[in-house]
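The next block holds one structure in the form of structure tokens; read it before the comments.
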Amino acid sequence: MTLDLLTTLRQQNPIVLTLANDVTVQDVANGLNALGASPIMSAEVDEAEAMVTIAGAVCLNLGTLTKLQLAQMRAVGAAANRQHKPVILDPVAVGAVPYRLQAAQTLLRTVHADVIRGNAGEIAALAAWNWQAKGIDAGTGSGDLVAMAQACAQKYHCVVVLSGATDIVTDGQQVVRVHNGTELFQLHVGSGDLLSSLVAAFAAVQPQNLLAAAATAATVLAGTGELVAAQLTASRPGTFAMLLIDKLHLVTPAELSKIAVVD
Ligand SMILES: Nc1ncnc2c1ncn2[C@@H]1O[C@H](COP(=O)(O)OP(=O)(O)OP(=O)(O)O)[C@@H](O)[C@H]1O
Ligand SMILES: Cc1ncsc1CCO
Ligand SMILES: [Mg+2]
């Protein structure tokens, strides 16, 4: 993991195609843009191939899925696999809604996800581990989160980012833990959606090392949130969300290096 990748990202300004959810689409677009990537969203299956051609990576977010959107995700995902563009999957709420878990599993049979980014409840569901997810939130469960993330990565032959108080990034063997962050992320809906699209942005500039790309994305978002939280005198989720966008634009690799707790 190197934070110099943030400088590369800002120099290259990669196009990130996100098939977003209806709830957080604007936060995701603004977060990507503020950091230094170039967001594009799409809702039309017929433009799938052309969209993937101009993108450096794609993020498929299941947050408000419909049958139409699933068909679009199959088309975009297949095109990205063919064109060797990294595919990031955000399996929103698959731990809470069986329909979603089935939809994600079906999608993963035809599309290879290079990175899956989810909270503990979502990764547990994909790995078929016992857990009680709650809606879009991680929910409760016990067990070794690292082993769970590794099991999911091995099952789907991909990198997994299991986010939470500690973000766990693994390719099934190697493990990177990012200990930065702030509880304010949990009060701002869509922090995870943004993380998934930032993973895509870093994957676009470092496609040959997705473990490092994902770990850098996790460190940049968690570290930036931590820097913002340190400036707030009370728990203010609205202000946090606004200042987070500003700080994603201004934060430097040197600033993040000083506070990063990564092992
Ligand atoms: N308790 C916590 N302490 C510190 N940071 C946290 C905590 N919980 C989550 N984060 C950070 O929040 C970001 C989003 O992760 P999270 O696990 O909340 O995603 P999510 O559940 O998919 O969120 P959402 O559903 O709102 O999109 C990550 O950068 C993670 O490090
Ligand atoms: C609240 C919510 N519902 C579906 S997606 C979403 C945003 C968090 O992923
Ligand atoms: Mg989420």
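The values are calculated or read from the model by the stated rules, or taken from the named source; none is laboratory data. This structure is a prediction, so every number in the text was calculated from the model and none was measured. As a convention, Cβ positions derive from the backbone with ideal geometry for all residues, glycine included, and neighbour counts pool all protein chains shown.
Residue-level check: of (1) outside any loop (DSSP other than H, G, I, E, B); (2) within 15 Å of ligand 1 (Cβ to nearest atom), GLU255 misses just (2). Would the range 139-162 turn up any residue that is within 13 Å of ligand 1 (Cβ to nearest atom), touching a residue at least 24 places away in the same chain (Cβ under 8 Å) and on the phi > 0 side of the Ramachandran plot? Checked the range 139-162: at least one residue is within 13 Å of ligand 1 (Cβ to nearest atom), touching a residue at least 24 places away in the same chain (Cβ under 8 Å) and on the phi > 0 side of the Ramachandran plot.
Determine, yes or no, whether THR239 is outside any helix (DSSP H, G or I) and over 19 Å from the mean Cα position of the chain (by Cα). Spelling it out, it is not the case that THR239 is outside any helix (DSSP H, G or I) and over 19 Å from the mean Cα position of the chain (by Cα). Taking the criterion of being in contact with a Leu (Cβ under 6 Å, 6 or more places away or on another chain) and more than 13 Å from ligand 1 (Cβ to nearest atom), no residue of the range 89-99 qualifies. Of all residues in the range 146-168, those being more than 16 Å from ligand 3 (Cβ to nearest atom) and touching a strand residue (DSSP E or B) at 6+ places or on another chain (Cβ under 8 Å) number 8. Of the residues making up the range 113-161, just one is among the polar types (S, T, N, Q), assigned to a helix (DSSP H, G or I) and either under 17 Å from the mean Cα position of the chain (by Cα) or buried (at least 16 other Cβ atoms within 10 Å of the Cβ) (or both), namely GLN150.
Close contacts from the range 239-263, counting a first residue that is among the aromatic types (Phe, Trp, Tyr) and surrounded by 14 or more Cβ atoms within 10 Å (Cβ to Cβ) and a second that is part of a loop (DSSP other than H, G, I, E, B) and modelled with pLDDT of 95 or more, with Cβ to Cβ under 9 Å and a gap of 6+ residues or different chains, come to PHE240/THR182; PHE240/HIS188; PHE240/LEU232.
Looking across the range 113-135, the residues that are within 16 Å of ligand 3 (Cβ to nearest atom), within 28 Å of ALA212 (Cβ to Cβ) and touching a residue at least 40 places away in the same chain (Cβ under 8 Å) come down to ALA113, VAL115, ILE116, ARG117, GLY118, ASN119, ALA120. Just so you know, in the range 90-112 the residues that are within 17 Å of the chain's Cα centre (by Cα) and free of Cβ contacts under 8 Å to residues at least 40 places away in the same chain include one that is nearest to ASN130 (Cα to Cα), and it is VAL94. Among the residues of the range 162-192, those that are surrounded by fewer than 17 Cβ atoms within 10 Å (Cβ to Cβ) and assigned to a helix (DSSP H, G or I) comprise GLN186, LEU187. Quick one: in the range 5-29, of everything that is assigned to a loop (DSSP other than H, G, I, E, B) and not hydroxyl-bearing (Ser, Thr, Tyr), which residue is surrounded by the most Cβ atoms within 10 Å (Cβ to Cβ)? So, considering only residues that are assigned to a loop (DSSP other than H, G, I, E, B) and not hydroxyl-bearing (Ser, Thr, Tyr), the one surrounded by the most Cβ atoms within 10 Å (Cβ to Cβ) is ALA20.
In this structure, does VAL23 turn out to be within 16 Å of ligand 3 (Cβ to nearest atom) and closer than 30 Å to ALA96 by Cα? The answer is yes for VAL23. From the list LEU221, LEU210, the lone residue that is under 19 Å from ILE116 (Cβ atoms), crowded, with 17+ Cβ neighbours inside 10 Å and either within 16 Å of ligand 3 (Cβ to nearest atom) or among the aromatic types (Phe, Trp, Tyr) (or both) is LEU221.
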